[in-house]
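These notes are about the structure you will find just below.
Derivation of every value follows stated rules applied to the coordinates shown; laboratory data play no part. None of these values were measured; they are calculated from a predicted model. Virtual Cβ from ideal backbone geometry, glycine too; neighbours counted across all protein chains shown.
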Amino acid sequence: MKRGETVKTKTDAEIVLDRKMVTLHNRMVWDLERCIGCQIGPLTCPKDAITHVPGVVENGHLVKRASADIDPEKCIFCGMCAVMCPTNAITAWVDGKVEVPVQKFEAFPTLVESTKFAGALFDWERRDFVIDNCPTNVISFDEEKETLVVDQQHCIRCRQCEVASDGAFQVVQPWEGTVELFREKCVEGCTACADICPTRALHIAENGELALADYYCIKCGACMQVCPIKATTETYDITFESHGVTYTRAHERITNRAELPIVVDRWRVKHTPVESGAWVQALMRLADDKAGMVEIDRKRALRRKDLLKALKGASLFLEE
């Protein structure tokens with residue numbers, strides 16, 4: 001290994017890029033067990049170093065999940081992908097510490113997201129119900145403090161704990177947008193989208209049919225990537241200004257929307273203030289300008305029986 005050269009190590013579990021220089025050691029790690037091949041990484045990367053690896057669907061079921069691959073010669077260790085990854089599958093390291101260079105130098109924002117627990121509002125008979133329904137196993141019971149705690153680093157903000165706890169948890173998702181399911185357009189017998197969905201936004205209901213619990217969607221778009229009915233796009237130019245310089249960049253939009261069984265729209269993301277051309281360009285590739293849309297209301301969502309039914313073991317609480 002030559003100093004300054006990027007070395008790539010890939011296993012079934014992870015991809016690691018290492019670059020050691022005289023005064024700096026950069027490392028990027030992709031956890032392939034968390035990666036869902038959602039396309040956000042490839043869209044975010046300013047150097048097109050990340051490529052989408054399609055999943056394999058057989059007889060309507062996902063037999064090999066989608067993921068990503070990285071070109072070590074193109075990666076500049078900026079960490080943009082780590083910021084935007086919806087499943088926290090990417091970690092950037094600098095000199096042995098978790099650090100995102102593009103945030104350190106204020107060229108990229110921090111996304112506004114959180115999961116908070118109010119123990120005073122919680123019915124403790126629901127404790128196991130809440131813990132068992134966390135899809136990433138990041139909620140645990142602290143016996144010493146007698147409270148529920150959340151591993152914030154790996155929480156994907158799916159909001160299932162909100163519904164399972166009847167509002168004792170409050171989750172702020174970074175992305176706002178919409179998800180729509182049109183089952184009549186699905187390939188018969190196909191449930192690949194439910195197989196890849198990292199939350200229970202897409203799931204198989206008690207009647208055996210594909211169902212959508214829209215409130216749990218984190219807008220990753222992995223379902224659209226694995227769906228056998230693919231979106232077709234056209235490219236058009238968008239002009240924007242940053243730091244007094246006018247840029248023109250290509251943007252894509254779906255042309256066969258009416259044919260798609262599942263459609264995810266990302267139209268706004270909560271973030272800390274930043275003025276950066278890199279951030280503006282990332283948003284151009286990731287989101288559509290639909291500021292007039294309205295996010296799903298939390299109070300109404302907590303009263304929806306379909307959201308509760310989507311959770312494991314919900315029958316006990318449906319009888320209340």
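Which lysines have a Cα less than 18 Å from the Cα of K299, not counting those fewer than 8 places away in the same chain?
Straight-distance partners of K299: K116, K309.
Going by how many other beta carbons lie within 10 Å of each one, how would you line up Y216, Y236, fewest first?
Y236, Y216
E206 to K104: extension gain in nm, 0.36 nm per residue of separation minus the Cα-Cα distance?
32.0 nm
So for E234, E5, fewest C-beta neighbours within 10 Å to most, what's the order?
E234, E5
How many percent of the alpha carbon pairs in segment 1-130 exceed a separation of 17 Å?
64 percent
Assuming a viscosity of 0.890 mPa s and a temperature of 25 °C, what translational diffusion coefficient in µm² per second does Stokes-Einstein assign to the chain, Rh being the Kirkwood radius over Cα pairs? Can you show the working numbers first?
Working: Rh = 21.1 Å.
Diffusion coefficient, whole number: 116 µm²/s.
Mind checking which of I50, F77, I36 is farthest towards the positive end of segment 6-104's charge dipole, using Cβ charges of +1 (Lys, Arg) and -1 (Asp, Glu) about the Cα centre?
Farthest along the dipole direction, towards plus: F77.
Above 23 Å lies some portion of the pair distances; for segment 91-172, what is it as a whole percent of all C-alpha pairs?
When every Cα pair of segment 91-172 is considered, 33 percent fall beyond 23 Å.
Going by alpha carbons, how many degrees (0 to 90, nearest 10) lie between the helix axis of 277-286 and the longest principal axis of the chain?
Once rounded, the angle reads 50 degrees.
Using alpha-carbon pairs under 8 Å, 6+ residues apart, how would you state the relative contact order of the chain in percent?
The normalised contact order for the chain reaches 17 percent.
Do you know the relative contact order of segment 176-298, to the nearest whole percent, from alpha carbon pairs under 8 angstrom that are 6+ apart? Spell out each step's value before the answer.
On the way: 185 pairs, mean separation 35.2, N = 123.
Once normalised by length, the contact order is 29 percent.
What ranking of T246, T44 emerges when the number of other C-beta atoms within 10 Å of each C-beta is taken as an exposure proxy, fewest first?
By the 10 Å Cβ count, ascending, the order reads T246, T44.
Which residue, T136, T110, T11, tops the fluctuation ranking in a GNM of the chain built on C-alpha contacts under 10 Å?
So, out of T136, T110, T11, the one fluctuating most is T11.
Gaussian network model of the chain, Cα springs within a sub-10 Å range: biggest mean-square fluctuation belongs to which of S165, S140, S67?
Greatest mean-square fluctuation among the candidates belongs to S140.
Give the value in nm², to one decimal: projected area of the alpha carbon convex hull of segment 176-298, averaged over all directions.
The number I arrive at for segment 176-298 is 9.1 nm².
Taking the simple approach of a point 7 Å from Cα along Cα-to-Cβ for both H251 and L24, what is their distance in nm?
3.2 nm
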